[in-house]
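The values are calculated or read from the model by the stated rules, or taken from the named source; none is laboratory data. The shown structure was predicted, so the numbers you read here are calculated from the model rather than taken from an experiment. With ideal geometry, Cβ positions are generated from the backbone for all residues, glycine too; neighbour counts draw on all protein chains shown.
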Amino acid sequence: MSMVVAEHLHKSFGRFIAVRDASFSINKGEIVGFLGPNGAGKTTTMKMLTGYLPPTAGTARIAGHDIIRNSLEARRHLGYMPENVPLYEDLRVFEYLQYRAKLKGICGKSVRAQIGRAMERCGLTERYRNLISTLSKGYRQRVGLADALLGEPDLLILDEPTNGLDPNQIRQIRELIRSLATEHTVILSTHILSEVEMICNKVIIIDQGDIKAADTPAKLTHDLRAAGRVSIEYKGELEPVVRELEAFEPVKKVLVEGPLPDGWQRVIVRAEPGTDTREKAAAIISAHGYPLRHIYRHIPTLEDVFVEMTRRD
Amino acid sequence: MSDPTPGIQRTRSWLVTLHTIFAKELRSFLCTPFGWVLLACTMALQGFWLQAAIQTMSKATGEGVMYYLLNNIHFWFYFIFIFPLITMRSMAEEERLGTLEGLLTAPVTTTQIVLGKYLAALLFYITLWLPLLLYPWMSDIGNWYTQLRYGIAPEGRIIYHPADWYGPISILTLCGSFFIALGIFCSSLTRSQIIAAIICTCLMIMYYFTGRVTELWGEFPAAPLFHYLSCTEQISAFSRGLVDTRPLVLYLSLAIFTLALTVRVVDYRRWHR
């Protein structure tokens, strides 16, 4: 079942096109990472999904409710944590959460129960009486997250949830997000690629307003040009080895990086994605009787995918 | 209409959400120094001009103390500034902090936000005038003291009629209901409180002088319109006890129009960014 369906979302600010014809769908229970360089349109897309920024064209549905025609109903299904977490400075943590819970239509005994649960999950229980103006960045971030969790919304939209946190806090938030995925669908945006690799089961890469890719991290890295690359260092003649390597079927190109200062040769073998040429390469070099000291198959990361998709050359 | 998550008590009532916003706004007036400073300053100025009003009253006769208190230029000196002070924060602060985003991504309509803020500001404005109701009580104490000190001396008694208070309080509430709406409208135009306050003060002064046009130009064909809009004339009439329903229609319709415009502006600023 699709939790979010975006259909040709388009947003322009005057002449500047922030998001161009974005269509994607997100299934229930998925953790989706929005990736992209600064100003790529991540935040704009998220703000459109929340109904805060109206799209110039196109629409989206959240849990089956149109974000424009049936905005209030769609908003009842989502919890949103904006970038930089705007909060009322003059309220205490529990007062703020109480206000937010009531705004979300929670009433009666559930208010207290929901606040308690959200504070517990975000590690705020000891700070519930603190004034928000006295909280550190990390705690403000948690208050924002607790706010998004109030009312157990089906969909959580988190704009850079780990921005400005220290490594320990990042780990806690990451664990929290992963634990949320059992009951919620999560959309998050971040710059930290390793984070996405660790917790997301779907990645949407946006650059200059265009959706470049939307798939699982494994699939994205699998199809990458860098995927079949092997680097080799050996000592001996260059020419026969390169010739024999190039004759080998999946190899597309052999790049010679030249003799290293210590006299060893380094070559890079580019092959079809998903192939492993290490065994053959080692066999060729040892057939010549040359010593081999390094043979490494490059494991593509999301960073490679990101760089390849958003590179401006 | 699917319920987002079962097991949680929820309400869909429009009024409950309105009340939540109203209560939060009222709280921000009464639980911060802001409201109390404003209240203290207004009371101090009222007391200051009360002295002047009693001076005038001792020379002229016929009207109650409220008439002399509200019908002089001193009153307008602080009356005009009350509105920008009360309302300049309401929408501008929300936008500057970015909390408007949080509000509008919750299941809350713009109308609820504007109306909640308006009602809270209006209630706070009315509380600013409540100290006026202490004057009869203070007169009683004065009379009691005079009797105790000098024996019964009818000419030394302060004479007042509780009815003197009905007119002034109702006209202050009425024109306040429009001026507060005007202030919230100004606040929605910008993210800077200062700019909101400047625009509001400017509009207030313009409105004040609209009411005095006939004093400068004399009577001319369009003069009845300016008489109709004149806040000073209405206050004068009401504080003499001449309660009229025309200002009721004028101010309530102006307030509703301004609030509707505010809702449009808030949405417009979000849609055209």
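With the requirement that a residue be free of Cβ contacts under 8 Å to residues at least 12 places away in the same chain and either more than 40 Å from the chain's Cα centre (by Cα) or farther than 18 Å from A:His288 by Cα (or both), what does the stretch A:227-249 give you?
The initial filter retains those residues of the stretch A:227-249 that are free of Cβ contacts under 8 Å to residues at least 12 places away in the same chain, namely A:239, A:243, A:246-247, A:249.
Residues satisfying the conditions are A:Glu239, A:Arg243, A:Glu249.
So which residues in the stretch A:24-43 are touching a Gly at 6+ places or on another chain (Cβ under 8 Å) and not in a loop (DSSP other than H, G, I, E, B), if there are any at all? Please lay out each step first, then the result.
Within the stretch A:24-43, the subset touching a Gly at 6+ places or on another chain (Cβ under 8 Å) is A:40-42.
Across the stretch A:24-43, the qualifying residue is only A:Lys42.
How many residues are within 17 Å of B:Ile8 (Cα to Cα), assigned to a helix (DSSP H, G or I) and either under 31 Å from the mean Cα position of the chain (by Cα) or aromatic (Phe, Trp, Tyr) (or both) when one looks only at the stretch A:99-120? Before the answer, list the steps.
Initially, the stretch A:99-120 is screened for residues within 17 Å of B:Ile8 (Cα to Cα), giving A:99-119.
Checking which are assigned to a helix (DSSP H, G or I) leaves us with A:99-103, A:109-119.
So of that shortlist, the ones also either under 31 Å from the mean Cα position of the chain (by Cα) or aromatic (Phe, Trp, Tyr) (or both) come out as A:99-101, A:103, A:114-119.
Of the residues in that region, 10 qualify.
Within the stretch A:54-91, track down each residue that is assigned to a loop (DSSP other than H, G, I, E, B) and at the interface with chain B (Cβ under 8 Å from one of its Cβ atoms). Spell out the reasoning first.
Step one: list which residues in the stretch A:54-91 are assigned to a loop (DSSP other than H, G, I, E, B), which gives A:54-56, A:63-64, A:67-70, A:76-77, A:82-91.
Matches in the stretch A:54-91: A:Pro54, A:Ala63, A:Gly64, A:Arg76, A:His77, A:Pro82, A:Asn84, A:Pro86, A:Leu87, A:Tyr88, A:Glu89, A:Asp90.
Which of (1) in contact (Cβ under 8 Å) with a residue 12 or more places away in the chain; (2) loosely packed, with under 15 Cβ neighbours inside 10 Å; (3) part of a helix (DSSP H, G or I) does B:Met138 not meet, given it meets every other one?
All conditions pass for B:Met138, except number (1).
Give me a count of the residues in the stretch A:92-109 that are of a type in the set (Gly, Ala, Ser), crowded, with 17+ Cβ neighbours inside 10 Å and facing chain B (nearest Cβ under 7 Å). Can you show your working first?
The initial filter retains those residues of the stretch A:92-109 that are of a type in the set (Gly, Ala, Ser), namely A:101, A:105, A:108.
Then keep just the ones that are crowded, with 17+ Cβ neighbours inside 10 Å; that gives A:101, A:105.
This time we only want the ones that are facing chain B (nearest Cβ under 7 Å), so: A:105.
Counting residues in the stretch A:92-109 that are of a type in the set (Gly, Ala, Ser), crowded, with 17+ Cβ neighbours inside 10 Å and facing chain B (nearest Cβ under 7 Å) gives 1.
For a quick check of your reading: which helices (runs of 4 or more DSSP H) sit entirely within the stretch A:147-253 and have at least 1 residues that are under 30 Å from A:Val267 (Cα atoms)?
Details: elements: A:167-180, A:193-199, A:217-222, A:239-247.
Qualifying helices (runs of 4 or more DSSP H): A:193-199, A:217-222, A:239-247.
Among the β-branched types (Val, Ile, Thr) and either under 24 Å from B:Glu25 (Cα atoms) or assigned to a helix (DSSP H, G or I) (or both): is that true of B:Ile184 in this structure? Before the answer, list the steps.
On the way: among the β-branched types (Val, Ile, Thr): yes; either under 24 Å from B:Glu25 (Cα atoms) or assigned to a helix (DSSP H, G or I) (or both): yes.
Considered against the rule, which asks whether it is among the β-branched types (Val, Ile, Thr) and either under 24 Å from B:Glu25 (Cα atoms) or assigned to a helix (DSSP H, G or I) (or both), B:Ile184 comes out as yes.
Sort through B:Thr245, B:Thr210, B:Thr190, B:Thr232 and tell me the only one that's under 29 Å from B:Thr110 (Cα atoms) and of a type in the set (Ser, Thr, Tyr).
Numbers: B:Thr245 fails: under 29 Å from B:Thr110 (Cα atoms); B:Thr210 fails: under 29 Å from B:Thr110 (Cα atoms); B:Thr232 fails: under 29 Å from B:Thr110 (Cα atoms).
Going through B:Thr245, B:Thr210, B:Thr190, B:Thr232 in turn, the sole match is B:Thr190.
When the residues of the stretch B:15-57 are narrowed to those that are surrounded by 15 or more Cβ atoms within 10 Å (Cβ to Cβ), closer than 23 Å to B:His74 by Cβ and at pLDDT 85 or above, which ends up farthest from the other protein chains (Cβ to nearest Cβ)?
It comes out as B:Leu45.
Please return the ranges of helices (runs of 4 or more DSSP H) entirely within the stretch B:61-130 where 1 or more residues are among the small types (Gly, Ala, Ser) and more than 10 Å from chain A (Cβ to nearest Cβ).
Values: elements: B:65-70, B:73-87, B:90-97, B:99-105, B:110-129.
Result: B:90-97, B:110-129.
Among the residues of the stretch B:204-226, which ones are surrounded by fewer than 18 Cβ atoms within 10 Å (Cβ to Cβ) and within 21 Å of the chain's Cα centre (by Cα)? Spell out how you get there, then give the answer.
Step one: of the stretch B:204-226, the residues surrounded by fewer than 18 Cβ atoms within 10 Å (Cβ to Cβ) are B:205-206, B:208-210, B:212-213, B:215-225.
B:Ile205, B:Met206, B:Tyr208, B:Phe209, B:Thr210, B:Arg212, listed by residue number.
Regarding the stretch A:58-77, can at least one residue be identified that is polar (S, T, N, Q), under 15 Å from B:Gly102 (Cα atoms) and in contact with a strand residue (DSSP E or B) (Cβ under 6 Å, 6 or more places away or on another chain)?
There is no residue in the stretch A:58-77 that is polar (S, T, N, Q), under 15 Å from B:Gly102 (Cα atoms) and in contact with a strand residue (DSSP E or B) (Cβ under 6 Å, 6 or more places away or on another chain).
Within the stretch B:6-13, does at least one residue satisfy the condition of being assigned to a helix (DSSP H, G or I), surrounded by 13 or more Cβ atoms within 10 Å (Cβ to Cβ) and of a type outside the set (A, V, I, L, M)? Reasoning before the result, please.
Filtering the stretch B:6-13 for residues assigned to a helix (DSSP H, G or I) gives none.
No, the conditions are met nowhere in the stretch B:6-13.
What residue, of A:Asp147, A:Asp154, is buried (at least 24 other Cβ atoms within 10 Å of the Cβ) and among the acidic types (Asp, Glu)? Let's see the steps before the verdict.
On the way: A:Asp154 fails: buried (at least 24 other Cβ atoms within 10 Å of the Cβ).
Answer to the selection: A:Asp147.
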